[in-house]
Amino acid sequence: KATGVNVWVQDGSGVDKLTAEQRERYLQASADCQSPAPASGVVYELFVAGKGKTFTAKPKPDAEIASLLAKRSSCGKDTLYFSLRYLPVAHGILEY
């Protein structure tokens, strides 16, 4: 932040390439509040990616999205969401 540049890390949960344990270690190393982690915050994925070479996705279940929307950093780091089209309020408005 001293440079004026913010770096956010994406949680990767929507593409499901990491186990929950691996994802937690990755987020702790890059955006944790207890260590000098370099990231300014976390981007939480609100989708579940489809299988195949061409990217397709659908929204995560509403309860899981609600849980993600309730997450807050204990030390004031940024909390962002990708992508707004997967929010329950956008169903039928934005394509996915």
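Worth pointing out:
- Over the chain, DSSP H runs of length four or greater, each weighted -39,500 (n - 2.57), average out per residue to a 222 nm ellipticity of -6000 deg cm²/dmol.
- Partner aspartates and glutamates for K77 [C-alpha distance under 13 Å; skip if fewer than 8 residues away on the same chain]: D32
- Rg and Dmax of region 8-90, Cα atoms only, in Å: 13.1, 38
- Of the beta bridges in the chain, as assigned by DSSP with both residues counted there, near 25 percent are antiparallel.
All of the numbers you see were taken from the coordinates with simple rules; none came from a lab. Source: prediction; values computed, not measured.
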